[in-house]
Amino acid sequence: DRTYPLLPALTYLNANYDKKISVSELAARSGYSKSGFQHKFSDVMGVSVKKYQNEIRLRCACEMLICTGNPVSEIAYSCGFDDPLYFSRIFKKYCGVSPSEYRSARGFKSVVQIESDAVARFSLRRY
(Lines give C-alpha, C1' and ligand atoms only; values in the text may rest on other atoms or scores of the structure.)
Protein backbone atom coordinates (compact mmCIF):
# COMPACT_ATOMS: atom_id res chain seq x y z
CA ASP A 1 0.00 0.00 0.00
CA ARG A 2 1.48 3.32 -1.08
CA THR A 3 0.02 5.17 1.90
CA TYR A 4 1.83 3.01 4.45
CA PRO A 5 4.87 5.34 4.85
CA LEU A 6 2.46 8.23 5.44
CA LEU A 7 0.28 6.36 7.93
CA PRO A 8 1.65 8.00 11.11
CA ALA A 9 1.12 11.47 9.62
CA LEU A 10 -2.31 10.63 8.17
CA THR A 11 -3.49 9.15 11.45
CA TYR A 12 -2.30 12.20 13.37
CA LEU A 13 -3.78 14.62 10.82
CA ASN A 14 -7.17 12.89 10.80
CA ALA A 15 -7.32 12.86 14.61
CA ASN A 16 -6.16 16.47 14.99
CA TYR A 17 -7.59 18.24 11.94
CA ASP A 18 -8.88 21.07 14.13
CA LYS A 19 -5.38 22.00 15.33
CA LYS A 20 -2.58 23.91 13.65
CA ILE A 21 -0.19 21.26 12.38
CA SER A 22 2.97 22.09 10.47
CA VAL A 23 4.25 20.10 7.53
CA SER A 24 7.53 19.74 9.45
CA GLU A 25 5.68 18.05 12.32
CA LEU A 26 3.96 15.62 9.96
CA ALA A 27 7.23 14.94 8.15
CA ALA A 28 8.96 14.11 11.44
CA ARG A 29 6.16 11.68 12.34
CA SER A 30 6.73 9.84 9.06
CA GLY A 31 10.53 10.01 9.04
CA TYR A 32 10.87 12.36 6.05
CA SER A 33 12.41 15.76 5.51
CA LYS A 34 9.87 18.53 5.03
CA SER A 35 10.36 18.70 1.26
CA GLY A 36 10.54 14.91 0.92
CA PHE A 37 7.30 14.57 2.85
CA GLN A 38 5.49 17.19 0.76
CA HIS A 39 6.58 15.46 -2.43
CA LYS A 40 5.65 11.97 -1.18
CA PHE A 41 2.33 13.18 0.23
CA SER A 42 1.18 14.89 -2.96
CA ASP A 43 2.43 11.97 -5.06
CA VAL A 44 0.53 9.37 -3.00
CA MET A 45 -2.53 11.38 -1.97
CA GLY A 46 -2.94 13.44 -5.13
CA VAL A 47 -3.30 16.71 -3.20
CA SER A 48 -1.14 18.95 -1.03
CA VAL A 49 -1.08 18.54 2.75
CA LYS A 50 -2.98 21.83 3.18
CA LYS A 51 -5.70 20.81 0.72
CA TYR A 52 -6.05 17.41 2.38
CA GLN A 53 -6.38 19.03 5.80
CA ASN A 54 -8.95 21.50 4.47
CA GLU A 55 -10.97 18.65 2.95
CA ILE A 56 -11.08 16.88 6.33
CA ARG A 57 -12.13 20.12 7.99
CA LEU A 58 -14.81 20.77 5.39
CA ARG A 59 -16.29 17.28 5.75
CA CYS A 60 -16.49 17.93 9.49
CA ALA A 61 -18.18 21.27 8.83
CA CYS A 62 -20.73 19.65 6.50
CA GLU A 63 -21.66 17.18 9.20
CA MET A 64 -21.89 19.89 11.86
CA LEU A 65 -24.04 22.12 9.64
CA ILE A 66 -26.59 19.35 9.32
CA CYS A 67 -26.40 17.88 12.83
CA THR A 68 -26.08 21.01 14.98
CA GLY A 69 -27.75 24.36 15.17
CA ASN A 70 -24.42 26.05 15.94
CA PRO A 71 -23.64 29.34 14.19
CA VAL A 72 -21.49 29.05 11.07
CA SER A 73 -18.64 30.98 12.71
CA GLU A 74 -18.59 28.55 15.66
CA ILE A 75 -18.52 25.60 13.28
CA ALA A 76 -15.62 27.20 11.39
CA TYR A 77 -13.60 27.53 14.60
CA SER A 78 -14.55 24.03 15.79
CA CYS A 79 -13.29 22.54 12.54
CA GLY A 80 -9.93 24.31 12.75
CA PHE A 81 -10.43 27.42 10.63
CA ASP A 82 -9.07 30.64 12.16
CA ASP A 83 -11.20 32.94 10.02
CA PRO A 84 -14.94 32.39 9.41
CA LEU A 85 -14.81 34.48 6.21
CA TYR A 86 -12.00 32.33 4.80
CA PHE A 87 -13.99 29.26 5.88
CA SER A 88 -17.07 30.50 4.01
CA ARG A 89 -15.04 31.20 0.85
CA ILE A 90 -13.32 27.82 0.83
CA PHE A 91 -16.59 26.06 1.76
CA LYS A 92 -18.34 27.61 -1.23
CA LYS A 93 -15.44 26.67 -3.50
CA TYR A 94 -15.50 23.06 -2.22
CA CYS A 95 -19.29 22.54 -1.97
CA GLY A 96 -20.63 25.00 -4.54
CA VAL A 97 -22.84 26.79 -2.00
CA SER A 98 -22.33 28.86 1.13
CA PRO A 99 -22.47 27.12 4.52
CA SER A 100 -25.88 28.68 5.22
CA GLU A 101 -27.23 27.54 1.85
CA TYR A 102 -25.83 24.06 2.48
CA ARG A 103 -27.61 23.87 5.83
CA SER A 104 -30.88 25.19 4.36
CA ALA A 105 -30.80 22.77 1.42
CA ARG A 106 -30.20 19.74 3.61
CA GLY A 107 -32.17 20.89 6.60
CA PHE A 108 -30.79 20.93 10.10
CA LYS A 109 -31.64 17.71 11.88
CA SER A 110 -31.04 17.01 15.52
CA VAL A 111 -29.63 13.65 16.54
CA VAL A 112 -33.12 12.68 17.73
CA GLN A 113 -34.57 13.46 14.27
CA ILE A 114 -31.78 11.50 12.54
CA GLU A 115 -32.37 8.48 14.80
CA SER A 116 -36.13 8.77 14.28
CA ASP A 117 -35.68 8.88 10.49
CA ALA A 118 -33.43 5.80 10.66
CA VAL A 119 -36.01 3.88 12.70
CA ALA A 120 -38.76 4.88 10.24
CA ARG A 121 -36.67 3.74 7.24
CA PHE A 122 -35.87 0.45 8.98
CA SER A 123 -39.54 -0.13 9.81
CA LEU A 124 -40.59 0.56 6.22
CA ARG A 125 -38.05 -1.89 4.83
CA ARG A 126 -39.25 -4.71 7.06
CA TYR A 127 -42.85 -4.64 5.79
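For region 21-93, report the accessible area per residue in Å² (1.4 Å probe, heavy atoms, rounded to an integer).
Heavy-atom accessible area per residue stands at 52 Å².
If you rank 64, 45 by how much accessible surface each has, with a 1.4 Å probe, what is the order from largest down?
Descending order: 45, 64.
Give the lysines whose C-alpha is closer than 20 Å to that of residue 93, dropping any in the same chain fewer than 8 places away, or say none.
List returned: 50, 51.
Roughly how many whole Å is it from the C-alpha centroid of region 1-28 to that of region 56-75?
So the separation of the two Cα centres works out to 22 Å.
Any idea of residue 68's accessible area? Nearest 10 Å², probe 1.4 Å.
30
Counting only Cα, what are the radius of gyration and maximum Cα-Cα distance Dmax of region 1-60, in Å?
10.4, 29
Report the extension gain between residue 3 and residue 47 in nm, rounded to one decimal, defined as 0.36 nm multiplied by the number of residues separating them, less their alpha carbon distance.
That pair, residue 3 and residue 47, stretches by 14.5 nm at full extension.
The values are calculated or read from the model by the stated rules, or taken from the named source; none is laboratory data. Since this is a predicted model, take the numbers as computed values, not measurements. Heads up: the accessible areas ignore ligands, DNA and RNA and are worked out on the full protein's heavy atoms, side chains in. Shrake-Rupley method; radii C 1.70, N 1.55, O 1.52, S 1.80 Å.
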